[in-house]
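The values are calculated or read from the model by the stated rules, or taken from the named source; none is laboratory data. A quick note: this is a predicted structure, and the numbers were derived from the prediction, not measured. Heads up: the accessible areas ignore ligands, DNA and RNA and are worked out on the full protein's heavy atoms, side chains in. Shrake-Rupley method; radii C 1.70, N 1.55, O 1.52, S 1.80 Å.
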Amino acid sequence: RQGIGEPSVYHAVVVIFLEFFAWGLLTTPMLTVLHQTFPQHTFLMNGLIHGVKGLLSFLSAPLIGALSDVWGRKSFLLLTVFFTCAPIPLMKISPWWYFAVISMSGVFAVTFSVIFAYVADITQEHERSTAYGLVSATFAASLVTSPAIGAYLSQAYGDTLVVVLASGVALLDIGFILLAVPESLPEEMRPVSWGAPISWEQADPFASLRKVGQDSTVLLICITVFLSYLPEAGQYSSFFLYLRQIIGFSSETVAAFIGVVGILSILAQTVVLGILMRSIGNKNTILLGLGFQILQLAWYGFGSQPWMMWAAGAVAAMSSITFPAVSAMVSRNADPDQQGVVQGMITGIRGLCNGLGPALYGFVFYLFHVELNEMAEVETLGKASKPNMANPTDESSIIPGPPFLFGACSVLLSLLVALFIPEHTLALRSGSHKKHSNGAQAHPHSPQAGGADGKEPLLEDSSV
């Protein structure tokens, strides 16, 4: 067997940590390069770049997952990490090519989909949710320290050193996969797969979405996820740029903000979530998380002072309990052979949001004329002035962050829908479709259709 030792969750954890640590280092340089490359309509272009990447990931993730059932996980881990990190050195070589390659890299930037399949290959059913949680916590941990390190090095030694260091970490990740990661797909399963055609229903990203309306409970869950994750995906793509340019945070303050909110989120998803689940129940925890998200987005939308952003960041950490609570609700109430169907539906919805959310946020910023001036102005930005607002007399001076207010309205609708989700009955008629899906689920470890490279697994999937 190639690699070091037997395949384990720790191999997957190292791959994820190194990949996102490399990108975390680039948080500060990327904001600078983005504004310098697109001085006009910066938010709009940022949204379009991330939107294209998200939509391509949504379309390609199921196909790559299906192909990994045939050729093994290791080769596709290598492929996805390589193409995800390929844009990094281009940041200093050619910014235009850097953003173009970021957009196109969405076709292969689906490392999480392959990692989930890798973990499913090597874990028992009762271990899987814990293993997925470890991978998710590793993703959060990689982003707690790396932006601060990148910001410090950028200020002390310049952006070039940060890009070189990030490129080195990416190469280390690729080398780790080549030399240390063993193949997780059993050898005896691959010859059978070689002779069997790939089911295009399994590779169709819209296959799971078409089943959403076949069960009222699943439909309510999917609408809740769509309305709440759409603004979150948009916020993730533009918020650090917003803090830097509109609120006037320095690069070091942005890095500190990411670290503090990341630590609080880890605590919320471990300690606080467990207490809430035991004390107020599954559904009420979901509703509480959505309530925190509404407060957070409204605060971001109307907030104009740095202290408001810090307070809203603490609320944002509490809102991170929503998706683990949704996960627990489905895993507790759905039959084991039906959880995979819901997994495919929910991850398909989230993948779609990863494409639509950033584009929507960029477009709303553009509509409300929230634009940027030179970076030098940001460093001297006073609390009482907003010289980087394009039209300080229009709506943007009253509502500094219009997309966040739109997001709050979307999550409010999500909360109203979630009120109608039954807590203890989750009868999935769509389960019968999974059993007659023309081989879409024939492989016991196949990743679900509609998967995307999300920030963490939404549902613990005990059937993949």
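Can you give me the accessible area per residue for the range 1-185, using a 1.4 Å probe, in Å²? Walk me through the numbers before you get to the answer.
Working: 7010 Å² over 185 residues.
Counting only protein heavy atoms, the per-residue value for the range 1-185 is 38 Å².
Of LYS74/LYS283; LYS211/LYS283; LYS74/LYS211, which sit over 29 Å apart, Cα to Cα? Listed pairs above 29 Å: LYS74/LYS283; LYS74/LYS211.
Semi-axes of the equivalent ellipsoid of the range 225-298: what are they in whole Å, largest first, if each equals the square root of 5 times a C-alpha gyration tensor eigenvalue?
Working: eigenvalues 146, 51, 15 Å².
Over the Cα atoms of the range 225-298, the semi-axes work out to 27, 16, 9 Å.
Beyond 26 Å, the tail of the calculated P(r) for the range 1-185 holds 32 percent of the Cα pairs.
Quick check: residue separation of TRP96 and THR270 times 0.36 nm, minus the Cα distance between them. What number comes out in nm?
Numbers: separation 174, 0.36 × 174 = 62.64 nm, distance 4.08 nm.
The span from TRP96 to THR270 would gain 58.6 nm if fully extended.
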